[in-house]
Structure formats: structure tokens, C-alpha cells
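Input: a single structure, listed below in C-alpha cells.
Values in this text are rule-based calculations from the coordinates and carry no lab data. Just so we're clear, the structure is a prediction, and the values are computed from it rather than from any experiment.
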Amino acid sequence: MSRRYEQLVPHDDSMEELAAAFALGAIEPGERGQFETHLAGCARCSALVRDYGAVVTLLPSSVDQMDVSLDVRERLMADVATEPRVPAVEPRVAPTEPTPIDRARTRRFSLSGLAVAALVVVSLSFGYWNYRLQSELRDVQQAARLDQEFVAALAAGAPRYTLSGTAEAPSAHGAVVIDPAGGQPFLLVGDLPSLPPDRTYQAWVVGAAGPVDAGVFPSGSGGSHLTRLNQAPRAGETVALTVEPAGGVAAPTGQIVLAGAI
Amino acid sequence: MEPSDEALMLLVQQGDGQALGTIYDRHHRVAMGLAYRMLSSRESAEEIVQESFLAVWRLAGSYHVERGRLKDWLLQIVRNRCIDRLRRERGFGTIGEIDPALPDPQLPEAWVVASQEELRQEVSAALALLPAEQREAVDLAYFSGLSQQEISDRTGTPLGTVKGRMRLAMDKLRQTLWTRAPSLEARG
């Protein structure tokens, strides 16, 4: 947020007690208005409330995480299915300007960069480790870049095509998102069944000439997975996923687990 | 690779229910932990968790990544709903969905990238360093949703003392957590 606070009113020490209560949501209703008026013109109290607010943000982290009954998720998804959202008209992230996501990513990069830089110095004596760490850093940077590009595509209102799980994987779901920046399409999949190490998921673009390899990616683990297809489907073609031997094959041999038309 | 919360939330904003399911899978355990801590009832906490994720779905259009992380926004919804429930039980009015007046909190980077377990350990340790009466003031305000006057009434402590304790507690937490942040970064 780029809001700037100006010192328009004199700082009042008595207001600092209210700053703590304000951040915790414990301020009395009668004092809230008075404090908010002061806050609007006092840079020192604004900074204090930001700091206290950050502390408050951390407080729920002190509690132990707990499991939730499985049927809560089922009920939630049933509610969601009966209550379609009207898609937001305006993108929530401006694609042409650096966003807080970008800044956060940059900070994470810089952190990762510092950490890895320090490790690289140590690993000069350990060539293998040096190589491995640099490889891991490249993976992290590539993943963050892919996510940034995906966010930018979504924010720009990129066309999205739904993939549905077949009888082989009824819970699986996915989407192909066209990259308005001209890159290869994104493929987002979720809830694919886990596979043994000697199997992989392989994507195909199926057109009039038959299926064309669109890339392989690691087996599902119940979460979601974002990658890019290495083939761009055209209108009327189908994108499908099959289970294949690790490394992929030239033509599909396994059952289709996820598919959708473009 | 796993898509970020921000990417998933953009999909939710565009009406993708599966993306909400993925967000649920990532964050339901911390949401449940907070709700249970505030309500001390598993059944009520589960209701709040379900309601809160449904609120994420309904309010998705009002989420702005500029205002903070999705997890923090979600937990604010959980907390507000728990406070509403507690206040209804006490016969008070409700507080509504989101407090729009709170300026965006700016966490040290170390806290943004820390794991949930690191956060739990560090924040618990910081709270444990507070004198008992200061910790109680923060606890009653944050986890029980009491105002300073209500804390004064409940504990039989003068209002001015409650205010002072809360201020001292927040200062000390800020100092402790900000001091701890560099050591976390060094570990990262």
C-alpha cells in the first residue's frame, strides 16, 4: 500500500495507549472516533498502529493447528457449488505495474539469494554441493517466475478452459490458461491421484492429426500443480492428461484422467 | 510447482471453486486452531471454519493483495466471526466482517517466509516472556474479543491499568518479535 502519513497534528502520548487497543480491536467505541481522527494526522501513531497491527497478525500463529472433520470440506464445496460467484470485472492486480506480490517475491528472491550466496562460498570446497545448491536456486527462481507470470495472466483476464476428471480420477480438476503475453499456455491441475515413482502424468493436445505430446510433470500428491504446456492448443482441440511411464512416451498408452476442450 | 495463494485467490475471484478448495486444504488447520482457541468447542469451531471459507468465496472481490497475505485476511475473518459469536452469547452487538480502519501491517520479511511451526514457536515464546497480567490483557483482547472496559470489568482491574498493560505488552511483543526476526533470516 502506498498510503503516506503526514504529521499534521501534534503527537499525543496518551494516544499511544489507544494505538495498542486499536490494533487489538479492543478500543472503546467512544474512543475510536477520537483516535481515528488523531491517527489521520499523526505519522508517529500511524507507524505505531502499523507495527502493532503486524504483531496482531502474528498472534494466531501461537495456537496449535487442528484437524477439521472431513465433511466440513464437503459441505463447503457443496455450498460453493450452489452459490456461483460473479467474476470480478476489474482485475485485482494491475498487470503492468510492480505489485506487492512482485515485491514479496523479490524480497524472497533476495533472501534466497543471500542464503544461497553464503552457502555457495562454503561449498567452494564441495563442488558437488555447490552445483546442487545452484540447481536448487534456479528451480526456486523458475517456480517463482512461473507463478508471477500466471498471476499476471489471470489479472489480465486471460481465457481459461476447464479440464474435468474422468472415471479414472473423478476428484481431479484442472484448467488451461492462455498466456496473453504470448508464452505457452499454463496448465493448473489439482487433486490428481498420487503415482508410483515409475509413472508420470503426461499432457497431450489432441487435434485432428491425433495426440501431440505437451509435456510431463511429477505425480500428484493431492495438492495443486502449475506448469506450462509445451504445445499450444487451438480452438476445437482437446487437452488431456494420461498416466505414462516415467519420462513420458511418444504416443499415449494410459487411461485419460483429465480432459477438456479448448 | 504449487501456485501461490495470490494466484489461487485470483482464480477464486473469477469464480473457480476448485481454487477455493485448494486454499482450504492449505489453511484450514490454522483456521481451525484459531477458532477452537477462541471458542473452546470443536463443533462451533468447525462451523466457523466452514463459514469463514464460504466468506472468502463471497468476499473474494474485496480481497486486495496490497492489504496483506491471504492467510492473514482469512484469519481475520475467522477471528471476527468468533468474536461475533462470543458477543452474541454475551448479549452484545456484533462487529461485522472486516475492520477496514486498520492500516496494512508490515511484517519483517523473516516472519513472512517463516514456516508455520517456526511462527508458532517464536510467537509463543514471545508471549511467554510477558508478565502474566500483560499476557492476560492481550489474551482477553485478541482471543476473547473483549474491549479494554470489558477486560477491566472482568478482571476487576482499573481501566487505566488495563490500558497501560496492553500498551506495555504490545511494545514488548513488538520488540521481542522484531529482535528475533534477524535470527530467523540468518537461519533462512
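See the values below:
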| item | result |
| --- | --- |
| Degrees separating the helix B:159-187 axis from the principal Cα axis of chain B, which is the longest one | 50 degrees |
| Segment B:107-188 pair-distance distribution - Cα-Cα, 10 Å bins, rounded % | 18, 43, 26, 12, 1 |
| Using alpha-carbon coordinates, inclination of helix B:17-39 to the longest axis of chain B, degrees | 10 degrees |
